Amino acid sequence: MLYLEGLTVQRGNKIVFSDFNTIIKSGSITLIKGKNGSGKSTLLRAIVGFTPLEKGTIKNDKKNVFNNNEEWVNNLIFLDTKTGLSKDLTVIENLNAWSTMKGWSSNKENLTMALKSVGMDKYADLYISQSSEGLKKRAALARLYLSFINKVDFWILDEPTNELDKTSLVLFKQLISKFLKQNGTIIIATHDLTIVEDQFNILDLDDFKKQRVS
Amino acid sequence: MNSIHSSWSNIFIAHIKRDILTNSRSLLDLISIVGFMILIIILFPLGLGPIKEKLNIVSNAVIWVGLILAIIPSLEKLLQKDFENGWLDQIATSPAPLEIIMLSKAISYWLIMLIPLIITSPIFAILLDMDLKNIPWLVISISAGSLAISLIGLSGSALILGARKGNILLPILIIPLMTPILIFGVGVNEAVKINESPFGNLFLLLALTLIYLVISPFISALLVRIAIGR
């Protein structure tokens with residue numbers, strides 16, 4: 001269980017949201033929706049620990065996650081609209097660099113399996129500079145598969161399906177179902193509530209803000 | 001605990017490998033550094049006129065100043081690319097501390113961009129009519145000083161992340177920090193020229209390098225955290 005308690009996040013002079021509370025159950029999937037600029041990405045970045053909290057805590061069970069930040073970030077995969085792929089490297093080189101960066105063994109079999117899970121095995125040696133946006137997104141999503149080999153409890157994804165075609169969306173849904181079966185927790189910021197077939201919770205930032213006003 | 005630390009060193013090496021691989025794919029940065037350096041070395045004698053003795057006096061300083069000026073344009077890109085494509089966000093979710101990764105960035109920058117300049121510096125020295133006995137000392141002093149230069153450059157590069165017009169700001173911010181390196185680096189060879197021991201200057205240069213080796217990764221990591229937190 002992930003407890004978000006009294007989160008207040010400020011960017012510049014603007015308070016993005018204040019006193020935000022919610023509980024995210026383990027093994028569940030939470031979709032964060034809200035209009036543009038409502039603070040979906042900021043909320044995700046605050047949960048990962050990038051954007052500093054003005055007030056509030058995030059607890060994983062009883063532990064404040066930022067007391068042991070290394071353990072926390074090691075326990076999650078964060079995927080942003082900026083994917084972190086270097087355009088001078090190939091798809092598999094990028095995945096390899098990412099996997100070793102996470103401190104995981106990166107033998108070629110696992111990496112190929114990961115690419116296969118998003119249908120990218122044909123494109124393993126394609127340079128990112130020559131890839132389309134959809135292929136780039138899939139190359140980044142291949143990282144998710146590695147969490148079945150290494151221990152990870154959380155996926156925090158920001159608009160993961162924007163550029164995906166129908167076939168890759170099916171593969172993405174398969175990855176999600178598999179992770180939920182392992183009691184993984186998924187938090188996704190998205191506009192499209194049809195991307196998940198499993199049962200999901202909705203966190204509507206617009207509703208939250210309306211309640212605050214009234 | 002032991003296994004965590006061994007994985008830190010693996011992650012450290014993996015980052016250096018990635019940086020070398022990325023840079024080997026686009027050699028433009030390296031070519032522009034060496035090209036810029038060659039231009040400075042060519043322009044200076046033209047400006048000085050035909051008297052050979054003048055060249056011998058300034059050759060040492062010209063190489064050092066040329067080195068500092070030549071690397072400035074590439075320093076902007078040292079972290080900028082990784083910031084824009086989101087890699088800095090990803091490495092912030094690494095089990096290794098950001099400080100270690102920042103150190104690896106400085107080391108790989110030194111290996112990729114500055115080692116070629118160190119290797120070619122004897123050629124520049126000969127072109128500028130430097131005495132042969134000075135050339136080994138030039139290489140030694142540049143080797144020691146350039147690591148400090150890349151460490152300062154890393155901090156500067158982290159400072160301008162996400163700033164508009166950062167490319168104009170960067171030289172103004174970091175060149176003052178490089179002046180001690182320049183003074184002691186040039187001092188090594190000036191001492192050799194007047195037949196005195198160069199070790200005083202060399203040790204001060206090494207001391208400065210060690211100081212930056214300790215503080216620069218911490219400063220850079222802090223600045224990167226601020227940049228990705230915005």
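Against the condition buried (at least 16 other Cβ atoms within 10 Å of the Cβ) and either under 26 Å from B:Val224 (Cα atoms) or more than 14 Å from chain B (Cβ to nearest Cβ) (or both), how does A:Thr30 come out, does it pass? Taking the combined requirement at face value, the residue satisfies it. Scanning segment A:183-214 for residues that are exposed (fewer than 13 other Cβ atoms within 10 Å of the Cβ) and at pLDDT 85 or above yields a single hit, A:Asn183. Apart from one condition, B:Thr93 fits all of (1) closer than 20 Å to A:Lys87 by Cα; (2) crowded, with 19+ Cβ neighbours inside 10 Å; the exception is (1).
Taking the condition more than 12 Å from chain B (Cβ to nearest Cβ) and farther than 16 Å from B:Asp89 by Cβ, does A:Glu71 pass? No.
Yes/no matrix, rows are residues, columns are (1) under 30 Å from B:Ile123 (Cβ atoms); (2) within 12 Å of chain A (Cβ to nearest Cβ); (3) basic (Lys, Arg):
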| position | (1), (2), (3) |
| --- | --- |
| B:Asn10 | no, yes, no |
| B:Leu28 | yes, yes, no |
| B:Leu39 | yes, no, no |
| B:Ile57 | yes, no, no |
| B:Val62 | yes, no, no |
| B:Ile72 | yes, no, no |
| B:Glu76 | yes, no, no |
| B:Glu84 | no, yes, no |
| B:Gln90 | no, yes, no |
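Filtering A:Phe50, A:Phe66 for residues that are within 14 Å of chain B (Cβ to nearest Cβ), assigned to a helix (DSSP H, G or I) and not hydroxyl-bearing (Ser, Thr, Tyr) leaves a single hit, A:Phe66. Mind counting the residues in segment A:92-138 that are within 12 Å of another protein chain (Cβ to nearest Cβ) and among the small types (Gly, Ala, Ser)? Going through segment A:92-138 one residue at a time, the tally reaches 6. Could we say that B:Ala158 is under 17 Å from B:Ile71 (Cα atoms) and surrounded by 15 or more Cβ atoms within 10 Å (Cβ to Cβ) here? Yes; evaluated as a whole, the condition is true for this residue.
Within segment A:69-103, being surrounded by fewer than 21 Cβ atoms within 10 Å (Cβ to Cβ) and either part of a loop (DSSP other than H, G, I, E, B) or small (Gly, Ala, Ser) (or both) holds for A:Asn75, A:Thr81, A:Lys82, A:Lys87, A:Asp88, A:Leu89, A:Gly103. Do we find that A:Asn60 is at pLDDT below 90, crowded, with 16+ Cβ neighbours inside 10 Å and polar (S, T, N, Q) in this structure? So A:Asn60 passes the test.
Would you say B:Gly162 is over 30 Å from B:Leu55 (Cα atoms), within 14 Å of another protein chain (Cβ to nearest Cβ) and modelled with pLDDT under 90? Yes. Among the residues of this structure, B:Met130 counts as one that is at pLDDT below 90 and buried (at least 20 other Cβ atoms within 10 Å of the Cβ).
The values are calculated or read from the model by the stated rules, or taken from the named source; none is laboratory data. Nothing here was measured: the structure is a model prediction, and the numbers come from that model. Quick reminder, even Gly has a Cβ in these numbers, built from the backbone with ideal geometry, and neighbours come from all protein chains shown.
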